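Scroll down for the structure; my scribbles are underneath it.
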Amino acid sequence: STEFTPQTTAFTSWIIIGLLAVSLIFLVRVLPSKVAQITDQPKLKEVVRALSANRPFVIFFFGLLCTGLASGMTAGLFFFFMDSYLDISDKIAHVGLAAFVISLCATQLWPPIMNRFGKHVTLALSGVGTICALGLMATIQPGSNAYPMMLTVFILSAITGSGVPICILAIMADVVDYDELKTGKRKAASYFSFLTILEKAGIAIGAGLGLIIAGYFGFEVAGINDQRAVAGFFVAFLGIPITLHLLGIILLLNFPIDARRHSIIRRRLDSLAQRQSRT
């Protein structure tokens, strides 16, 4: 069935554990071996100080923080929107599966767009698509049309949203190159580790904030909600996330490393690498 039960969760968890083991064995056998270079382990204060001194990273950090909090708030309240408001909780699996498949296929669309228009514009287009999807979600009303409309909106959101992680990773690589040119050290591991922490923390904190705000307005999962409670729920589910997404797009559009500047950074890094190889 499509019900969310403890048995469903347990069964799904065992499938994930099994697939994780198979994937790990595959990676160990396929990926090439390479001798790691032993370096000094930097202290946390040193890492934070180095990252905060990187101005492009600071702009990037706050832009991602906004979008991460927005995504967390929407994700934390999504189940209650489908269940308590639209009353189509039996269709959550259908919507989620369709969005996953479409998103996986749509990832192939964004690299050519990014090569043509640049990372900034592509990320902005993807973010605007997410905002439009959230806006359309606000127009969905309970009833017979709720499921097809929700499915349509989520498919559109999956297409537009799939470009975000591609652009984010590409821009982070530019940040790492800039820091290497500035400091002479390659700290890719620190930057990408911090990126992972930021993404997880943003979603977790955003989900908690969404639940707190909805609860503050008196929204009840299993009860009857008055106009104030429903309005508060939509403020937390869509209103604040749309605002945060818009703020994140503005910050990321002001990211200072464009294609021209990154090409200069790469030429200088390549030149330094050639000098070092000669010596």
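The values are calculated or read from the model by the stated rules, or taken from the named source; none is laboratory data. Being a predicted model, the structure only gives us computed values, none of them experimental. Positions of Cβ are generated from backbone atoms using ideal geometry, with glycine treated the same way; all protein chains shown enter the neighbour counts. The protein model used for the area step is the full one, side chains on, heavy atoms only, and it has no ligands, DNA or RNA in it. Shrake-Rupley method; radii C 1.70, N 1.55, O 1.52, S 1.80 Å.
Within the range 93-109, being loosely packed, with under 15 Cβ neighbours inside 10 Å and assigned to a helix (DSSP H, G or I) holds for Ala93, Gly96, Leu97, Phe100, Val101, Leu104, Cys105. Quickly run through the range 254-265 and pick out the residues that are out of contact with any Gly (no Cβ under 9 Å at 6 or more places or on another chain) and open to solvent by less than 90 Å² (accessible area, probe 1.4 Å). Across the range 254-265, the qualifying residues are Pro256, Ile257, His262, Ser263, Ile264, Ile265. Residues in the range 54-67 that are in contact (Cβ under 8 Å) with a residue 40 or more places away in the chain and open to solvent by 20 Å² or more (accessible area, probe 1.4 Å) were compared, and the one that is nearest to Val235 (Cα to Cα) is Thr67.
Ala188 satisfies every condition listed in (1) modelled with pLDDT of 90 or more; (2) touching an Asp or Glu at 6+ places or on another chain (Cβ under 9 Å) except (1). When Ala158, Ala124, Ala70 are checked against the criterion of being in a helix (DSSP H, G or I), open to solvent by less than 20 Å² (accessible area, probe 1.4 Å), touching a Leu at 6+ places or on another chain (Cβ under 6 Å) and more than 21 Å from Ile257 (Cβ to Cβ), Ala70 stands alone in meeting it.
Would you check which residues across the range 161-199 are among the aliphatic types (A, V, I, L, M), open to solvent by 60 Å² or more (accessible area, probe 1.4 Å) and closer than 23 Å to Val121 by Cα and list them? Passing the criteria: only Leu169.
For the condition buried (at least 19 other Cβ atoms within 10 Å of the Cβ), at pLDDT 90 or above and on the phi < 0 side of the Ramachandran plot, Leu24 does not qualify. Residues that are open to solvent by 100 Å² or more (accessible area, probe 1.4 Å), within 27 Å of the chain's Cα centre (by Cα) and not aliphatic (A, V, I, L, M) within the range 4-21 comprise Phe4, Phe11, Trp14, listed in sequence order.
Only one of the listed residues (Gly135, Gly202) is at pLDDT 90 or above, assigned to a helix (DSSP H, G or I), within 17 Å of Pro241 (Cβ to Cβ) and of a type outside the set (Phe, Trp, Tyr). That residue is Gly135. If I filter the range 208-226 down to residues being open to solvent by 50 Å² or more (accessible area, probe 1.4 Å) and either of a type in the set (Val, Ile, Thr) or modelled with pLDDT of 90 or more (or both), which single residue comes out as farthest from Gly63 (Cα to Cα)? Restricting to residues being open to solvent by 50 Å² or more (accessible area, probe 1.4 Å) and either of a type in the set (Val, Ile, Thr) or modelled with pLDDT of 90 or more (or both), the top hit is Ile224.
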